[in-house]
1. Given the pairs Lys23/Lys81; Lys42/Lys63; Lys42/Lys75; Lys2/Lys23; Lys12/Lys42; Lys12/Lys63, which are separated by over 28 angstrom at their Cα positions?
2. Can you tell me the dipole magnitude for the chain around its Cα centre, using point charges on the Cβ only (Lys, Arg +1; Asp, Glu -1), in Debye to the nearest 20?
3. Leaving ligands and nucleic acids out of the surface, order Phe43, Phe70, Phe50 by accessible area at 1.4 Å, largest first.
4. Using +1 at the Cβ of each Lys and Arg and -1 at the Cβ of each Asp and Glu in the chain, identify which of Ser7, Val40, Ala51 lies farthest towards the dipole's positive end.
5. Residues in region 34-68, backbone N under 15 Å from the label point at Cys28 (7 Å along the Cα-to-beta-carbon vector): list them, ranges by number please.
6. Run lengths n ≥ 4 of DSSP H only: what is the helix-derived mean residue ellipticity at 222 nm for the chain, with -39500 (n - 2.57) per run over all residues, to the nearest 500?
7. Let's test the formula: R0 of 35 Å, r as the Cβ-Cβ distance of Ser48 and Ile19. What FRET efficiency results, to the nearest 0.05?
Amino acid sequence: MKREHKSEEYLKVNENGTIPGLKHGDKCIGQSRDIARYLVEKFSPASSLFAIDNQEEINELLKFDEEKCFQAAIKIVVSLKSVK
């Protein structure tokens, strides 16, 4: 609500000024899917959330979500805004 995600400091973490953003050491990540993947790989690599045996399939699903589902959702939201 305070628009802290648009501050100069936050833009160093996520240059798009969007939420979420993660800074861990020197690593900055600004996409939720990449943040989730990074956290599991970094802190719990054997987790069933991102099982080694299924990583390729999980990555394909995350890519599909980002490229198809998310883009479709944006189009819907934009079209709804233009109706008002």
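1. Numbers: Lys23/Lys81 33 Å; Lys42/Lys63 20 Å; Lys42/Lys75 34 Å; Lys2/Lys23 20 Å; Lys12/Lys42 21 Å; Lys12/Lys63 25 Å.
The pairs that break the limit, which is 28 Å between Cα atoms, are Lys23/Lys81; Lys42/Lys75.
2. Working: 14 positive and 14 negative charges, 128 e Å.
The dipole of the chain has a size of about 620 debye.
3. On the way: Phe43 125, Phe70 100, Phe50 10 Å².
Sorted by accessible area, descending: Phe43, Phe70, Phe50.
4. Ser7
5. The answer is none.
6. Numbers: 4 runs with 40 residues, N = 84.
Here the helix-only value at 222 nm equals -14000 deg cm²/dmol.
7. Details: r = 27 Å, r/R0 = 0.78.
Computed FRET efficiency for Ser48 and Ile19 comes out at 0.80.
The values are calculated or read from the model by the stated rules, or taken from the named source; none is laboratory data. Bear in mind that the values here come from a model prediction, so they are computed numbers and not experimental data. We place every Cβ from the backbone using ideal geometry, glycine too, and count neighbours over all the protein chains shown. Please note that ligands, DNA and RNA were not included when accessible areas were found on the heavy atoms of the full protein model with its side chains. Shrake-Rupley method; radii C 1.70, N 1.55, O 1.52, S 1.80 Å.
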